[in-house]
1. Any idea how many residues of region B:30-46 are over 18 Å from B:Arg108 (Cα atoms) and either more than 11 Å from every other protein chain (Cβ to nearest Cβ) or part of a strand (DSSP E or B) (or both)?
2. Do any strands (runs of 3 or more DSSP E) entirely within region A:44-115 hold 1 or more residues that are of a type in the set (Val, Ile, Thr) and more than 14 Å from chain B (Cβ to nearest Cβ), and if so, which?
3. Give me the residue from region A:7-62 that is surrounded by fewer than 16 Cβ atoms within 10 Å (Cβ to Cβ), among the hydrophobic types (A, V, I, L, M, F, W, C) and out of contact with any Pro (no Cβ under 9 Å at 6 or more places or on another chain) and, out of that set, nearest to A:Gly85 (Cα to Cα).
4. Go through region A:26-43 and count every residue that is under 11 Å from the mean Cα position of the chain (by Cα) and under 15 Å from A:Ala72 (Cβ atoms).
5. For region B:87-105, indicate whether the set of residues that are more than 30 Å from A:Leu97 (Cα to Cα) and surrounded by 14 or more Cβ atoms within 10 Å (Cβ to Cβ) is non-empty.
6. Residue check, A:Ala71 against (1) over 18 Å from B:Ala93 (Cα atoms); (2) surrounded by 19 or more Cβ atoms within 10 Å (Cβ to Cβ), all met but one. Which one?
7. So, of the residues in region B:1-20 that are aliphatic (A, V, I, L, M) and over 22 Å from A:Phe105 (Cα atoms), which turns out to be nearest to the other protein chains (Cβ to nearest Cβ)?
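Bear in mind these aren't lab numbers, they're just calculated from the coordinates by the rules spelled out. Computed from a prediction, not measured in an experiment: that's the story for all the values here. Quick reminder, even Gly has a Cβ in these numbers, built from the backbone with ideal geometry, and neighbours come from all protein chains shown.
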Amino acid sequence: AQTVTQSQPEMSVQEAETVTLSCTYDTSENNYYLFWYKQPPSRQMILVIRQEAYKQQNATENRFSVNFQKAAKSFSLKISDSQLGDTAMYFCAFMKLSRDDKIIFGKGTRLHILP
Amino acid sequence: EPEVTQTPSHQVTQMGQEVILRCVPISNHLYFYWYRQILGQKVEFLVSFYNNEISEKSEIFDDQFSVERPDGSNFTLKIRSTKLEDSAMYFCASKSGGNEQFFGPGTRLTVL
């Protein structure tokens, strides 16, 4: 069974700083996807960034980038130039490369961006 | 931009009552999911649905739960006899054949 672990329950950083959220996972699969989802106070689930395991290049979306270490089964999220609107719960998630497979979420990291 | 919608946004019910949570997936999507999130906890998979049948269900999805796609557009989750511990946010998601599941805004279920 796959598991996703986020070891940082809560973090706070000053606006404009860079912050890194950690995530590790466990799987015996070779092909899979990894995601970071943002959940603001509205509780909507918003996809931030996606990484295909077969791609060596780390995914980047504007101020968001990941450090994907497949051998170490590590998938951290870096937020550069953090903004007040980045304040949210962030979930790391895993999905097998399958037609209809479920997403497995970590417990989340609550991120506070301080003015 | 097409999106997944869910109704109602908030449902309050008495313990033991039946509730139906409704979702309208994105129109050309084929795979449908329900997840739930108990307050302060992680999001958990409940069930996946494809080709008018359940593909996979978690141990949470017991006999009190059922899903249906009654008319080709709605995708419903029914809880037959609600319990206090069913209070949670319920998310519907859908996808086409690709890898991204699109989530709805959720229904907050409160069981009193």
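1. Of region B:30-46, the ones over 18 Å from B:Arg108 (Cα atoms) are B:30-32.
After this cut, where a residue has to be either more than 11 Å from every other protein chain (Cβ to nearest Cβ) or part of a strand (DSSP E or B) (or both) as well, the list is B:31-32.
Looking only at that region, the number is 2.
2. Numbers: elements: A:46-52, A:64-69, A:74-79, A:88-96, A:109-114.
Result: A:64-69, A:74-79, A:109-114.
3. A:Ala16
4. Start the filter on region A:26-43 by keeping residues that are under 11 Å from the mean Cα position of the chain (by Cα), which leaves A:34-38.
Then drop every residue that is not under 15 Å from A:Ala72 (Cβ atoms), which leaves A:34.
Final tally of qualifying residues: 1.
5. Here is the first cut: in region B:87-105, the residues more than 30 Å from A:Leu97 (Cα to Cα) are B:87.
From what is left, the residues that are surrounded by 14 or more Cβ atoms within 10 Å (Cβ to Cβ) are B:87.
There is at least one residue in region B:87-105 that is more than 30 Å from A:Leu97 (Cα to Cα) and surrounded by 14 or more Cβ atoms within 10 Å (Cβ to Cβ).
6. Of everything listed in (1) over 18 Å from B:Ala93 (Cα atoms); (2) surrounded by 19 or more Cβ atoms within 10 Å (Cβ to Cβ), A:Ala71 misses just condition (2).
7. Pass one, region B:1-20, residues aliphatic (A, V, I, L, M): B:4, B:12, B:15, B:19-20.
Filter once more, so that each one left must be over 22 Å from A:Phe105 (Cα atoms): B:12, B:15, B:19-20.
Details: B:Val12: 16, B:Met15: 23, B:Val19: 18, B:Ile20: 20 Å.
Applying the filter and picking the extreme gives B:Val12.
Condition check ((1) within 12 Å of another protein chain (Cβ to nearest Cβ); (2) in contact (Cβ under 8 Å) with a residue 12 or more places away in the chain; (3) touching a Lys or Arg at 6+ places or on another chain (Cβ under 9 Å)) across all residues:
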site: B:Asn52; (1), (2), (3): no, yes, yes
site: B:Val67; (1), (2), (3): no, yes, yes
site: B:Gly72; (1), (2), (3): no, no, no
site: B:Ile79; (1), (2), (3): no, yes, no
site: B:Cys92; (1), (2), (3): yes, yes, yes
site: B:Asn99; (1), (2), (3): yes, no, yes
site: B:Phe103; (1), (2), (3): yes, yes, no
